[in-house]
1. Being over 17 Å from residue 130 (Cβ atoms) and either touching a strand residue (DSSP E or B) at 6+ places or on another chain (Cβ under 9 Å) or surrounded by 17 or more Cβ atoms within 10 Å (Cβ to Cβ) (or both) is the requirement here; does residue 76 meet it?
2. Picking from 69, 62, 99, which residue would you name as being exposed (fewer than 15 other Cβ atoms within 10 Å of the Cβ), within 19 Å of residue 138 (Cβ to Cβ), modelled with pLDDT under 95 and out of contact with any helix residue (DSSP H, G or I) (no Cβ under 8 Å at 6 or more places or on another chain)?
3. Is it the case that region 76-83 has a residue that's over 21 Å from residue 111 (Cβ atoms), at pLDDT 70 or above and part of a loop (DSSP other than H, G, I, E, B)?
4. Which of the residues belonging to region 89-121 are touching a strand residue (DSSP E or B) at 6+ places or on another chain (Cβ under 9 Å), in a helix (DSSP H, G or I) and without any contact (Cβ under 8 Å) to a residue 24 or more places away in the chain?
5. Would region 29-46 turn up any residue that is assigned to a strand (DSSP E or B), at pLDDT 85 or above and within 22 Å of residue 131 (Cα to Cα)?
6. Could you grab me the full set of residues in region 122-145 that are part of a helix (DSSP H, G or I), at pLDDT below 95 and surrounded by 15 or more Cβ atoms within 10 Å (Cβ to Cβ)?
């Protein structure tokens, strides 16, 4: 006599990996120049922003399909597993985001294991020369995927 073992069908589970994890982007309004703002952030917040000559830029087309190279400062802390980018909104006669033309810089916190966002915003507002700080999500911007570390 044969025994048949009843086996139920294996349920298939579809795993979708979302490469586009959202991360915070802070908009800064300031009269400080890019080098001065980077210096202030480095000294007041103990960061290490720097711009590598000739290699720290990303190319993105503007509305007229003209490709613009935007320079930026980067801070990578491998120990804390954090990557921050500082991008000037108005460069080379072009504005990265015309709908946010009153913002001078964007502080992109791609990987942030250093600061709680509210604490960072509070610390940024204490820096002399920073007028206002606004919080956004990376989902509201197209340029964040072009940044390299």
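The values are calculated or read from the model by the stated rules, or taken from the named source; none is laboratory data. As the structure is a computational prediction, the values presented were derived from the model and not from experiment. Virtual Cβ from ideal backbone geometry, glycine too; neighbours counted across all protein chains shown.
1. On the way: over 17 Å from residue 130 (Cβ atoms): yes; either touching a strand residue (DSSP E or B) at 6+ places or on another chain (Cβ under 9 Å) or surrounded by 17 or more Cβ atoms within 10 Å (Cβ to Cβ) (or both): yes.
Yes; evaluated as a whole, the condition is true for this residue.
2. Values: 69 fails: within 19 Å of residue 138 (Cβ to Cβ); 62 fails: within 19 Å of residue 138 (Cβ to Cβ).
Going through 69, 62, 99 in turn, the sole match is 99.
3. Let us first name the residues in region 76-83 that are over 21 Å from residue 111 (Cβ atoms), namely none.
No, region 76-83 contains no residue that is over 21 Å from residue 111 (Cβ atoms), at pLDDT 70 or above and part of a loop (DSSP other than H, G, I, E, B).
4. Passing the criteria: only 118.
5. First, the residues of region 29-46 that are assigned to a strand (DSSP E or B): 29-30.
With the extra rule that they be at pLDDT 85 or above, the set shrinks to 29-30.
If we keep only those that are within 22 Å of residue 131 (Cα to Cα) too, we end up with 29-30.
The answer is yes, given that some residue of region 29-46 is assigned to a strand (DSSP E or B), at pLDDT 85 or above and within 22 Å of residue 131 (Cα to Cα).
6. Selection gives 138, 143, 144.
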